[in-house]
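Read the structure below first, then the notes.
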Amino acid sequence: MELFDALPIACVVDDKYLAMHGGISPELNQIEEINSLNRFQEIPLDGLFCDLMWADPMKDENAKHGDFIDNPERECSNYFGKKPVKKLLKQNKLMSIFRGHQVQVDGFKMHRWGNKDSFPYVITIFSAPNYCGYYDNKGSILILDEGNL
């Protein structure tokens, strides 16, 4: 547990992408706020730390105009939509968010929310194939090679 507690909770990759396990929070405006979190504790059931670990993007049809709503499926955290993601990316001069945390049939999902040809606002990457022997999903990784995905 001491090793887990010492791992970073999020990071900026290649000065363009914010990466974390879960998602974003209504409490997050500037990326530097993550550095003020007390990482050496159990993950709380609400707040910034909780959301970075457990938040999920809204389903495509809701995310286009979505903000934040409660996430009863997880019994904590929230679902987030395009509006707060765009705001966070713009305020921090970033291109996209990389996250894991949700099984994806193809191993990944590009959340473009309303524009199928745009660069995705959020990319979910799920590396465990056939998760728990139940989902029959693919696993994936994301490779950045000289700035290209």
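Quick test of your reading of the structure: Trp113 fulfils all but one of (1) within 19 Å of Ile125 (Cα to Cα); (2) at pLDDT 95 or above; (3) among the hydrophobic types (A, V, I, L, M, F, W, C). Name the failing condition by number.
Of the numbered conditions (1) within 19 Å of Ile125 (Cα to Cα); (2) at pLDDT 95 or above; (3) among the hydrophobic types (A, V, I, L, M, F, W, C), the odd one out for Trp113 is (2).
Quick check on my filter: what residues within segment 127-147 are more than 17 Å from Tyr17 (Cβ to Cβ) and of a type outside the set (Ser, Thr, Tyr)?
Correct list: Ala128, Pro129, Asn130, Cys132, Gly133, Asp136, Asn137, Lys138, Gly139.
Tell me whether segment 107-117 contains one or more residues that are hydrophobic (A, V, I, L, M, F, W, C) and free of Cβ contacts under 8 Å to residues at least 24 places away in the same chain.
Among the residues of segment 107-117, at least one is hydrophobic (A, V, I, L, M, F, W, C) and free of Cβ contacts under 8 Å to residues at least 24 places away in the same chain, which makes the answer yes.
Listed here are the residues, each with its yes/no results for (1) within 17 Å of His101 (Cβ to Cβ); (2) in contact with a Pro (Cβ under 8 Å, 6 or more places away or on another chain).
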| site | (1), (2) |
| --- | --- |
| Ile9 | yes, no |
| Gln30 | no, no |
| Glu33 | no, no |
| Ala55 | yes, no |
| Asp67 | no, yes |
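Looking at the structure I just gave you, is Ile31 in contact with a His (Cβ under 8 Å, 6 or more places away or on another chain), of a type in the set (A, V, I, L, M, F, W, C) and surrounded by 14 or more Cβ atoms within 10 Å (Cβ to Cβ)?
Here the answer is no, as Ile31 does not meet what is asked.
One residue is enough: does segment 51-74 have a residue meeting the conditions surrounded by fewer than 18 Cβ atoms within 10 Å (Cβ to Cβ) and within 18 Å of Met20 (Cα to Cα)?
Within segment 51-74, one or more residues are surrounded by fewer than 18 Cβ atoms within 10 Å (Cβ to Cβ) and within 18 Å of Met20 (Cα to Cα).
Find all pairs meeting these conditions: Cβ atoms under 9 angstrom apart; at least six residues apart or on different chains; first residue within segment 120-139 and on the phi > 0 side of the Ramachandran plot; second residue among the small types (Gly, Ala, Ser).
That search, which allows pairs on different chains as well, returns Asn130/Gly139.
Give the number of residues within segment 51-71 that are out of contact with any Cys (no Cβ under 6 Å at 6 or more places or on another chain), within 27 Å of Arg39 (Cβ to Cβ) and not in a strand (DSSP E or B).
The total comes to 5.
Within segment 83-136, how many residues are in a loop (DSSP other than H, G, I, E, B) and either touching a helix residue (DSSP H, G or I) at 6+ places or on another chain (Cβ under 9 Å) or not hydroxyl-bearing (Ser, Thr, Tyr) (or both)?
Of the residues in segment 83-136, 26 are in a loop (DSSP other than H, G, I, E, B) and either touching a helix residue (DSSP H, G or I) at 6+ places or on another chain (Cβ under 9 Å) or not hydroxyl-bearing (Ser, Thr, Tyr) (or both).
The values are calculated or read from the model by the stated rules, or taken from the named source; none is laboratory data. Since the structure is predicted, the reported quantities are computational estimates derived from the model, not experimental observations. Backbone-built Cβ (ideal geometry, glycine too); neighbour counts: all protein chains shown.
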